[in-house]
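Only one structure is covered here, and it is reproduced in the block below.
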Amino acid sequence: MTPPQVGDKAPAFSLAPAPGPDRVCLADYKGSPVAVLFFPLAFSGVCTEEMCQMAETWSHWDDAGVNVVGISIDSPFVNQKFAKETGVPFPLLSDFNKEAATAYDVLYPEFFGMHGVSKRAAFVVDGEGTVQYVWVSEDAGVMPPLDEILEAARRAA
């Protein structure tokens, strides 16, 4: 398996942003672009830096009409606290069962002794559900190219 490529239909997902029955689905964003940001683990150094940078530059994303979701394998309890502490104004979704990360093929087989941690990755999906941009890092210590992802999302609008 390989991650979805530009031109592929994006795998659907339905994940919890917080404890409880509410879900966020990729289909919720039909008609507008969405940046799907996978990150390995909440509260780790680079993940915190990434989410804080997203919070600090949110006006650029919002002004461009770009939706954003963050996805990690952390529980919804952890992601809810992480979202509050980093100040991100978009949902951080729990992929605790690794369904989305598996569908997008962005799981490390082994990550510091843990199995099934998601890679740092970004996908831009247009309003029709087609992948318009892909970035997947094998190195969790690398920040994603957020300016490049924003530009790809603007083009997908």
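Throughout, read-outs are computed from the coordinates displayed, never taken from laboratory work. Owing to the predicted nature of the structure, the values given are computational and were not obtained by experimental measurement. With ideal geometry, Cβ positions are generated from the backbone for all residues, glycine too; neighbour counts draw on all protein chains shown.
Once the Cβ-Cβ distance between PHE77 and CYS25 is put in as r, and R0 is 30 Å, what FRET efficiency do you end up with, to the nearest 0.05?
My answer for the efficiency is 0.90.
For a footprinting-style exposure proxy, rank MET143, MET54, MET1 by other Cβ within 10 Å, fewest first.
Ordered from fewest to most neighbouring Cβ atoms within 10 Å, MET143, MET54, MET1 come out as MET1, MET143, MET54.
Say we join alpha carbon atoms closer than 10 Å with springs in a Gaussian network model of the chain; which of PRO145, PRO17, PRO76 then has the biggest fluctuation?
Taking springs between Cα atoms under 10 Å, the residue moving most is PRO145.
Please report the antiparallel percentage of the DSSP beta bridges confined to segment 39-156, to the nearest 5.
Details: 8 of 11 bridges.
Given both bridge residues lie in segment 39-156, the antiparallel proportion sits at roughly 75 percent.
Taking H as built 1.01 Å from N, whose amide H comes closer than 5 Å to the amide H of LEU93, not counting residues under 5 places away?
Under 5 Å from the amide H of LEU93: GLY70, ILE71, SER72.
Between GLU138 and ASN97, what is the spin-label point distance in nm, taking each point 7 Å from the Cα along the Cα→C-beta axis?
Placing both labels 7 Å beyond Cα along the Cβ direction yields 3.1 nm.
Check the straight Cα-Cα distances from LYS98 and name the aspartates and glutamates below 17 Å, setting aside those fewer than 8 residues away within the same chain.
Leaving aside aspartates and glutamates fewer than 8 places away in the same chain, those within reach of LYS98 are ASP74, GLU110.
Obtain the nm distance between the two label points defined at PHE112 and ALA64 by a simple spin-label model: each point lies 7 Å from its Cα along the Cα-to-C-beta direction.
3.0
If each residue's Cβ is checked for other Cβ atoms within 10 Å, how do ASP126, ASP105 rank with the fewest at the top?
Listed from fewest to most nearby Cβ atoms, that is ASP105, ASP126.
How far, in nm, would the chain grow between ASP147 and ASP8 when pulled straight, counting 0.36 nm per residue and subtracting the alpha carbon separation?
47.8 nm
Pick from SER44, SER32, SER94: which is most flexible by mean-square fluctuation in a GNM of the chain where alpha carbon atoms under 10 Å apart are linked?
SER44
Compute the Kirkwood hydrodynamic radius of segment 39-156, taking the inverse of the mean of 1/r over all pairs of distinct Cα atoms, and give it in Å to one decimal.
Radius from the Kirkwood sum: 14.5 Å.
Among ASP22, ASP62, ASP95, what is the fewest-to-most ranking by other Cβ atoms within 10 Å?
If I rank by nearby Cβ atoms, fewest first, I get ASP22, ASP62, ASP95.
Amide H of ASP8 versus every other amide H placed in the peptide plane: which residues, excluding those fewer than 5 positions away on the same chain, fall under 5 Å?
Hits under the 5 Å cutoff: VAL131.
Treat every Asp and Glu Cβ in segment 39-156 as -1 and every Lys and Arg Cβ as +1, leave all other atoms uncharged, and give the resulting dipole magnitude about the Cα centre to the nearest 20 debye.
In total the dipole reaches around 260 debye.
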